[in-house]
Every structure is written in C-alpha cells, then in structure tokens.
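The values are calculated or read from the model by the stated rules, or taken from the named source; none is laboratory data. Since we're looking at a predicted model, the values are computed, not measured. In this analysis, Cβ positions are derived from the backbone assuming ideal geometry, glycine residues included, and neighbour counts consider all displayed protein chains.
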Amino acid sequence: MIYLDYQATTPIAPEVDAAMAPWIAQKFANPHSPSRGGHEAEAAIEVARKHVERAIGLHGGSVAFTGSATEALNWALKGTVEAARADRRERNRIITLATEHAAVLDTCEWLASQGIDLTVLPVGRDGLLDLDLLERELDERVLIVAAMLVNNEIGVLQPVAEIAAMAHQRGALMLCDAVQALGRLRIPEGPDLVAVSAHKIHGPKGIGALWMREGAEPAPFIHGGGQERGMRSGTLSPQLCVGFGAAAKLAVERCDRDYDHVQRLWTAAIKALGPGWTINGSTAHRYPGNLNIRRDAVDAARLLADLREIAFSLGSACASGSGRPSHVLRALGLDYRQARSSIRLGFGRYTTHEELTDACGEIAAAARAQEHLVA
Ligand code: PLP
C-alpha cells in the first residue's frame, strides 16, 4: 500500500508511539487527582501543552485540549456567539468562506438556524478570497470571521494575517482553522482563535486543541468537572496529550526539513504524472504536500476503485464517503463533471520519492486507459 492521503490523516511518528506507550498500560492515574501518579500525569500534560503552543507559535494566548479540531471549531464559533450574547453585545454576524471544512460551515449553518446572520463568501477560481470583497462585507455587526490557513482539499493558502487585520479593524475576532498548516508552515500572527488536530501531524486521533488569545476566550463549551480552566470539562487523557505534545515537538524540530522534502516530492509527482492534468486551485499560494488534480474524461471514483493499492482520495475524507461532489471544487467554479474527474494526492514526511513516482505513474496509466475506453 502506498499512502497518499496525508490530508485525511498522517501515520503515527515512531517517537510519538514511544512517548505514549507508558501512559497506556502503566501510568493510568487520573491527571486531575492529587495522588503522586496524578501529579506526574498532570505535569506530563503541561509539558505537552507547551509543545503544542510552541508549534502553533503565536504570542499572547494559550491552548485548551479538546477531543478533535471539529470540537475546537464548534467551541470557538458557538462559544464566541454565547460570550457575545452574555455581554449583550450587538454583534450578530459571522463571515466565513465557501471552501471551509464542514466543521466550520455546518456549525455556522446551525448558528444561522439559531438567529445568527451568516455570510459565506465565494472564492475565485484559484481558491483565494478576494480581500476587497471581504472589506465590503465587513461591518460593525460582524462578531467573528472564520478562515482556514491551508485548505484540506486543494492546499490553497488564504491570507490569514490580512483577514485578521481587517476583522480587527472592524472590531471583530478572527478564527483560523490551522489543522492542515500546523507543523507544515508558520501560522501568521493575527488570529484570536486557532483550531488544530494531533492526527494531522503524526500524532494520535481523538485529540485536538483550541488556542485562544487572552481576552478572546469563548464561553465554556462542556460543563462539568471544571478541567481546562473551567472552559472544557472532562478528564484529560494523558496518553493522547503526551502523544500530541511529542508530535508537536517533532513538528517544530522538523518543520523546515519536512517542507523541503514535500517541495521536492511535489515537483517529482507532477513530472511522474505527465501531461494532461490540471491542478485545482492556485499553484502560487499553496502548501506543496497537497496535489489536487483533474483530467478530462476521467471518472475519479473508478480510478480509486481500480487502484486499491494506492491510498488517495477524491477530496476530503468526508466528501469521499458521501458520493457528493466536493463543495470546495464547486466553489472554485468547477462543473459537476470536472469535480467528478478530480483526485487529491497528499504526501509528507514519510513518503519516499520512489513510492510517490511509482504511484503517480500508475495513476497516469489508469487514467489513460479510461480515456481509451471512452474514445
Ligand atoms: N479542519 C480541517 C481543515 C481538516 O482537514 C479537518 C480534518 O479532516 C478538520 C478540520 C477536523 O479535524 P478533526 O479530525 O480533528 O476533527
């Protein structure tokens, strides 16, 4: 199996596996209990928190652990609305982008059903937000602007620092979904809230985090035992926190090396695929570990079925399962047929040049075979 689905999830790093191991079987104390084992677990969690904060790299805030980035995004949006209502602030409007992850879009839709005024901005054919459009839309009713840094389906980078500066000028907050950016490139200063996930950086599944600028904390999301400064109750999992911390530490240490590796893989993949493919989204503003491409007359779902030994996808893992064409590709202006002939190849730290070029060669051959059948 050649694994080319790094946006869906990433392989656990051996260092993460080793760091987590003692916390699974031997060290089982509750990190919130006053026993010696509890204190030890609590200390390990705080070390992990620092590693995650360092990987996010922003100043003036701190991280609370969550069960996933989906939870962090739900908390950021719903909790910010809740905090504004409690303060009796007039702001009742959210702005987001058509290419956001479902964790943002569906949460915003739900908030709209609860009375929030929602604006979903379109993007250009390159997947980028037009900042003039944002400028025209921003007004003093906007509470929060949500935009992701690296798109999970097409790898395009939004100008998050500029978006945050514009939001702040109008007194709004900015939420950044940095799930696909963490550890891969620097997160720019500006956002007030940042959602991340361990399993996208070679850490375990089932843990994410919300970074909150001091003073911009959303209202508490899960009520109960008062963990995470009373904002997100529930016993923390030492093994998951330690795994996330180890993955974040490694990501900081390896960020530049990983990026150079991925950049070389991008060039090699394009060469190995050969002519006839079109890249979806901007080629200039992007993370190079995400290659979303299409080819006329290709049935991407069939390609996926024909090439069972290569793990790649049709867009987000969620979109691939639904059979619906990706909302991100539709937002770029691709028609139904073009969206149906698009595939996403995702590669990273542990992808070798040889396996990537082999897989691209096979994908290109299978695509050509489909074309012959159609002809
Ligand atoms: N945001 C983006 C951009 C993602 O790629 C994902 C995962 O697919 C998520 C949010 C949700 O992350 P999690 O799997 O931690 O809920």
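Report whether or not residue 143 is away from the ligand (no atom under 16 Å from the Cβ), surrounded by 15 or more Cβ atoms within 10 Å (Cβ to Cβ) and touching a residue at least 40 places away in the same chain (Cβ under 8 Å). Judged against the criteria, residue 143 is a match. Residues in segment 108-140 that are crowded, with 19+ Cβ neighbours inside 10 Å, closer than 27 Å to residue 85 by Cβ and within 16 Å of the ligand (Cβ to nearest atom): 108 alone. Counting only residues that are within 18 Å of residue 301 (Cβ to Cβ), more than 25 Å from the chain's Cα centre (by Cα) and at pLDDT 95 or above, segment 316-367 holds 6 of them. Under the condition of being within 16 Å of the ligand (Cβ to nearest atom), assigned to a loop (DSSP other than H, G, I, E, B) and in contact with a Ser or Thr (Cβ under 7 Å, 6 or more places away or on another chain), the residues counted in segment 5-40 number 1. For segment 41-88, residues that are part of a helix (DSSP H, G or I) and either of a type in the set (Asp, Glu) or within 14 Å of the ligand (Cβ to nearest atom) (or both) total 14. Within segment 183-200, being in contact with a strand residue (DSSP E or B) (Cβ under 8 Å, 6 or more places away or on another chain) and near the ligand (Cβ under 10 Å from one of its atoms) holds for 195, 196, 197, 198.
Of 149, 157, all but one fail to be within 14 Å of the chain's Cα centre (by Cα), farther than 24 Å from residue 115 by Cβ and surrounded by fewer than 24 Cβ atoms within 10 Å (Cβ to Cβ); the exception is 157. I need the full set of residues from segment 232-244 which are within 16 Å of the ligand (Cβ to nearest atom) and either of a type in the set (Asp, Glu) or surrounded by 22 or more Cβ atoms within 10 Å (Cβ to Cβ) (or both), in order please. Hits for segment 232-244 are 232, 240, 241, 243, 244.
Scanning segment 201-231 for residues that are within 16 Å of the ligand (Cβ to nearest atom) and out of contact with any helix residue (DSSP H, G or I) (no Cβ under 7 Å at 6 or more places or on another chain) turns up just one, 222. Scanning segment 97-107 for residues that are in contact (Cβ under 8 Å) with a residue 24 or more places away in the chain and either within 12 Å of the ligand (Cβ to nearest atom) or surrounded by 23 or more Cβ atoms within 10 Å (Cβ to Cβ) (or both) gives 97, 99, 100, 101, 102, 103, 104, 105, 107. Is it the case that segment 31-47 has a residue that's charged (D, E, K, R) and touching a residue at least 60 places away in the same chain (Cβ under 8 Å)? No, every residue in segment 31-47 fails to be charged (D, E, K, R) and touching a residue at least 60 places away in the same chain (Cβ under 8 Å).
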